[in-house]
Amino acid sequence: MGKRNRAAVVVLGDIGRSPRMQYHALSLAQQASLDVDIVAYGGTEPHISVLEHQSIHIHKMPQWPSVPRGLAVILRPLFLILKPIFQFLVLLWYLCVKIPAPDAFIVQNPPSVPTLVVVKWASWWRQSAFIVDWHNFGYTLLALSLGRSSLFVALYRWIEKHYGKMAHGSLCVTRAMQHELSQNWGITATVLYDHPPEFFRPASLKEKHNLCCRISKSLNKPYGLQDCITNGFTGQHDNDTNMNPFTTQVGTDIFLKQNRPALIVSSTSWTPDEDFGILLEAAVVYDRRVAALLGEDDSTGDEVFWGRIRDGQQFLYPRLLFIITGKGPEKEKYEQKIRKLRLRRVAFRTMWLSAEDYPLLLGSADLGVCLHTSSSGLDLPMKVVDMFGCGLPVCAVSYSCIKELVDVNKNGLLFSSSSELADELMMLLKGFPEKCDALNSMRSCLMERLSSERWATSWEQNAKPLIYEVISQHSS
């Protein structure tokens, strides 16, 4: 290794929402025995294993403020132009002065501007190696808002390619991206697939019960007066945190409820590259199709149906509770749409969980849904990786390279429309909780693969040799 025994992990974003870079930091500290400086923005707390590791030091940069509401319209362009200049100078100060000189900078891309420029300059100034971890292409994300023909997008792509080629080493997330970098960018990259760390695992019954009790207030808040989840927990039980739709405790014994709803989890950044409307439409289709199959009509009131649930009745097709986690710009828009839905056996909850509770939620769920489509068509959704780590089968939107991750009928299914997703929900959950054979088969397949598909193993085999080689060549 290098003479300094130190690495810097650079993220021009919220470190708490950058799990892959957190895992890099942990592996550099634990598997390469390096001191690690993380330079990033604050906002969301990283996982406790990162916070408490003695060899990992987090440096939170100040952020450029959002546009003030009272700012004159004529001054807003100037305010936005100053933002990248501020980011450039602050990041340069941190990398060139504030932190100790590292053997290598490992930077997340995107964002590419000004990140790649600053890290290249800092690597020259500090005599350090420069490694890019390609998560996606920044210019494709910019094109979502400006269009592919924009001159700004063309300039952004040139900067991304020019400075990306200056790196001493590159990692990327898929073979499709590796091929694109090699053929069209002149960059040789090593594939480091996302794999879950050890704390993504199936939850025990006690962990599931405790989690459901901790989030019971959120579970018992419907988007409306009442829904198929809250109908059985009204009145005297409103403030009882031990009441939840999934488990019950008798003395010290905990049991799963036989007529519990199927818990379906989806994590989203609430951005335009994830069409959340597909999930809402699929929920409506599921609700109507199940009602028709069970011979229900409009004359069967909701109260009659909910009364049967309170009496413990099971149905061939279960109620569905979708828990949607994440933060983002379009969250409020879709929450308004959820409020307008009139569903008998489907309910939604949105929430943000701590870095410790999120793996427990995935480990407690019955099915995952991923709406990620990729701006470049070359990256893979890390949320699916996390779900697989918890033994959770996934229904995911189909796009060009998704089959590098989702093995159809082995660990999940793919869909291209809301109708297809509704079909998959009905097929997988028919007979829930005990007689859904296809779902249980996928879960068994995932459990068999878990031991060999962990982040530490993949990092040791793919990233560590590259990082060692780059540092060794640069320091010699």
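The values are calculated or read from the model by the stated rules, or taken from the named source; none is laboratory data. Please read all numbers here as calculations on a predicted model, not as lab measurements. Neighbour counts are summed over all protein chains in view; Cβ atoms, including those assigned to glycine, are modelled from backbone coordinates with ideal geometry. Calculation scope for accessible area: heavy atoms of the full protein, side chains included, ligands and nucleic acids excluded. Shrake-Rupley method; radii C 1.70, N 1.55, O 1.52, S 1.80 Å.
Quick notes on this one:
- Listed peptides 336-345, 118-127 by packing density, highest first (mean Cβ within 10 Å): 118-127, 336-345
- The range 59-181: C-alpha pair distances exceeding 16 Å, %: 67 percent
- Label sites at Leu151 and Thr457, each approximated as a point 7 angstrom past Cα along Cα to Cβ, lie 5.3 nm apart.
- Taking only Cα atoms of the chain, radius of gyration then Dmax in Å: 24.1, 80
- Segments 192-199, 325-332 sorted - mean Cβ within 10 Å per residue, highest first: 192-199, 325-332
- Probe 1.4 Å, protein heavy atoms only - accessible area per residue of the range 310-418 in square angstrom: 35 Å²
- Scanning residues 5 or more positions from Thr350 or on other chains, those with amide H under 5 Å from its amide H are Ile324, with H placed 1.01 Å from N in the peptide plane.
- Shown here are the Rg and Dmax of the Cα trace of the range 386-476, at 18.2, 64 Å.
- Greater than 23 Å apart at Cα, pairs in Lys208/Lys435; Lys403/Lys435; Lys206/Lys327; Lys331/Lys435; Lys327/Lys410: Lys403/Lys435; Lys206/Lys327; Lys331/Lys435; Lys327/Lys410
- For the range 388-433, a/c is not less than 1.5, where a ≥ b ≥ c are the root eigenvalues of the C-alpha gyration tensor, and a/b does not top b/c. That puts it in the oblate class.
- A simple spin-label model places the labels of Phe86 and Lys98 1.4 nm from each other, with each point 7 Å out along Cα-to-Cβ.
- Accessible surface computed residue by residue for the range 1-131, with neighbouring protein chains in place and a 1.4 Å probe, gives 45 Å² per residue.
- Residue-by-residue Karplus 3J(HN,Hα) for the range 270-287, coefficients 6.51, -1.76, 1.60, Hz, glycine and proline x: 6, 10, x, 7, 10, 7, 5, x, 4, 5, 4, 5, 5, 5, 5, 4, 4, 4
- Protection proxy ranking for 156-164, 249-257, using the average of other Cβ atoms within 10 Å per residue and placing the highest first: 156-164, 249-257.
- Each of Val470, Ala456, Cys401 was scored by the projection of its Cα onto the charge dipole of the range 391-476, and the greatest displacement toward the positive side belongs to Ala456; charges sit on the C-beta of Lys, Arg, Asp and Glu.
- log₁₀ of I(q)/I(0) at q = 0.12, 0.17, 0.21 Å⁻¹ - the range 241-366, Debye sum with one point per alpha carbon: -0.54, -1.03, -1.34
- Remark on Cys370: its backbone amide H falls under 5 Å from those of Cys395, Ala396, Val397, a criterion applied only to residues 5 or more positions apart or on other chains, H modelled at 1.01 Å from N.
- Apportionment of accessible area to carbon and sulfur, the chain, percent (1.4 Å): 53 percent
- In plain terms, the chain from Val304 to Gln31 could stretch by 92.4 nm, reckoned as 0.36 nm per residue minus the Cα-Cα distance.
- DSSP bridge pairs, the chain: antiparallel proportion in percent, nearest 5: 10 percent
- When shorter helices are ignored and each DSSP H run of at least 4 residues is given -39500 (n - 2.57), the per-residue value for the chain at 222 nm works out to -11500 deg cm²/dmol.
- In terms of overall dimensions, the C-alpha atoms belonging to the range 112-238 reach 65, 37, 30 Å along their principal axes, ordered largest to smallest.
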